[in-house]
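To keep things clear, I will list the structure first and then write my remarks on it.
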């Protein structure tokens, strides 16, 4: 008997840390109305995701997919890199500027 295709939970967020081996930390933001004041507030949550090849970098927008527990905190894996981060910061030595 063929197993049906599972609908896995997916989230899109920004990579905020790549300091661990094969692990990235992704912040997912959502906008919800405040229960009392009815004003739109932004809520954020961090998810630890498995990145086998180390393709995601700091600032990238990525899609993460739910999977079986890989460790105490990792229950997600990197699905794809939606948008690469732009390199904004330049070191003064790169610009030949005297400080």
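Summary of values
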{"quantity": "Selection from the stretch 9-36 of residues that are farther than 20 Å from residue 83 by Cβ and surrounded by fewer than 13 Cβ atoms within 10 Å (Cβ to Cβ)", "calculated": "9, 19, 20, 21, 32, 33, 34, 35, 36"}
{"quantity": "Filter result for residue 87 (in contact with a strand residue (DSSP E or B) (Cβ under 8 Å, 6 or more places away or on another chain) and not in a strand (DSSP E or B))", "calculated": "no"}
{"quantity": "From 63, 39, 68, residue being on the phi < 0 side of the Ramachandran plot, in contact with a strand residue (DSSP E or B) (Cβ under 9 Å, 6 or more places away or on another chain), surrounded by 10 or more Cβ atoms within 10 Å (Cβ to Cβ) and at pLDDT 95 or above", "calculated": "63"}
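The values are calculated or read from the model by the stated rules, or taken from the named source; none is laboratory data. Just so you know, these numbers come straight off a predicted model, no measurement behind them. No Cβ is skipped: glycine too gets one built from the backbone with ideal geometry, and neighbour counts run over all protein chains shown.
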